[in-house]
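Read the structure below first, then the notes.
The values are calculated or read from the model by the stated rules, or taken from the named source; none is laboratory data. Here the structure is a predicted model, which is why all the values come from computation and not from measurement. In this analysis, Cβ positions are derived from the backbone assuming ideal geometry, glycine residues included, and neighbour counts consider all displayed protein chains. The accessibility values were calculated without ligands, DNA or RNA, using every heavy atom of the protein model including side chains. Shrake-Rupley method; radii C 1.70, N 1.55, O 1.52, S 1.80 Å.
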Amino acid sequence: MQKIIAANWKMFKTRPQAAQTAAELALALRTGTPKGRLAVVFAPFTDIAVVADAVAGVDGLAVGGQNFYPEDQGAFTGEISPAMLRDAGAQWLLTGHSERRHVFGETDALVARKTAYGLEKGFKVMLCVGETLEEREAGRLGEVLGRQLRSALEPLAADARAQLAGNFAIAYEPVWAIGTGRVAGPAEVLDAHAVTRGILAEILGATARELPILYGGSVKPDNAGALVDLDNVDGLLVGGASLEAKSFLQILGA
Ligand code: PGA
């Protein structure tokens, strides 16, 4: 499976800063990405067009939106539609990120609507799942991942399920490892990814084997190689260490 290394810039970078980083990525990747990997940059809304312009024509480097509202247009003050993101140059959408769930109160039901809507509109969608420290310590990992995956995937109609391979990825991000410097250990990552693959198989059957499962949470250049080589780890979702082109490129090639 092609590994996906995704950058989540979160709420960082003005347009000039985004243009600079994107130009550095485009220059470094002009002859292709390391090991044929796919790089995706999830940029803030105001940066998407700038980044898309800077990386146009670079094979293996795609741009995504971090958030959207699941309608084409309408009276939804402060929101942005997938159509607008496509117009700006986004091909990917992120759903279910823990900051959306825990800081902005997005429910499983909204995450499910967004996931289905993004796929229906022809985007590639990356759905994030992951447990809090409290949930992990209470032995609830499987239950939480099961709830997050089932609520988003079970409602998908048969035709949507048939389109998932090649258009859909999962990012497993333990909430306690995001932005904390506390990366999950290899045993924890192996276990969570195996649990995720098993739940996907229960919901989707054979398609489960074709869906990339990325790991995210305090990925850095010095731990990326070991993480990305683990069984069932098909890529990485990188926050802090994706902001500088140099460290993101090191992770991309790890
Ligand atoms: P981090 O963020 O790499 O800074 O921990 C990961 C993420 O939130 O996607």
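From the list Gly130, Gly65, which residue is within 16 Å of the ligand (Cβ to nearest atom), farther than 26 Å from Glu202 by Cα, crowded, with 20+ Cβ neighbours inside 10 Å and in contact (Cβ under 8 Å) with a residue 24 or more places away in the chain? Please lay out each step first, then the result.
Numbers: Gly130 fails: farther than 26 Å from Glu202 by Cα.
Going through Gly130, Gly65 in turn, just one is within 16 Å of the ligand (Cβ to nearest atom), farther than 26 Å from Glu202 by Cα, crowded, with 20+ Cβ neighbours inside 10 Å and in contact (Cβ under 8 Å) with a residue 24 or more places away in the chain: Gly65.
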Residue check: is Ala152 open to solvent by less than 40 Å² (accessible area, probe 1.4 Å), part of a helix (DSSP H, G or I) and modelled with pLDDT of 95 or more? yes
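Grab the helices (runs of 4 or more DSSP H) fully contained in segment 56-126, keeping just those with 3 or more residues being closer than 21 Å to Ala165 by Cβ. Break it down into steps so the answer makes sense when it comes.
Working: elements: 82-88, 98-102, 108-120.
Because the criterion is at least 3 residues that are closer than 21 Å to Ala165 by Cβ, the helices (runs of 4 or more DSSP H) in segment 56-126 that meet it are 108-120.
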Subset of segment 176-196, residues open to solvent by 10 Å² or more (accessible area, probe 1.4 Å), closer than 16 Å to Gly96 by Cα and modelled with pLDDT of 95 or more, comes to none
Counted residues in segment 74-126 being open to solvent by less than 20 Å² (accessible area, probe 1.4 Å) and touching a strand residue (DSSP E or B) at 6+ places or on another chain (Cβ under 7 Å) come to 17
For segment 208-249, enumerate the residues that are in contact (Cβ under 8 Å) with a residue 60 or more places away in the chain, more than 10 Å from the ligand (Cβ to nearest atom) and part of a strand (DSSP E or B). Gly235
So, Glu244, is that one of a type in the set (D, E, K, R), more than 30 Å from Pro16 (Cα to Cα), surrounded by fewer than 21 Cβ atoms within 10 Å (Cβ to Cβ) and modelled with pLDDT of 95 or more or not? no
Gln73 being over 17 Å from Ala169 (Cβ atoms) and at pLDDT 95 or above: yes
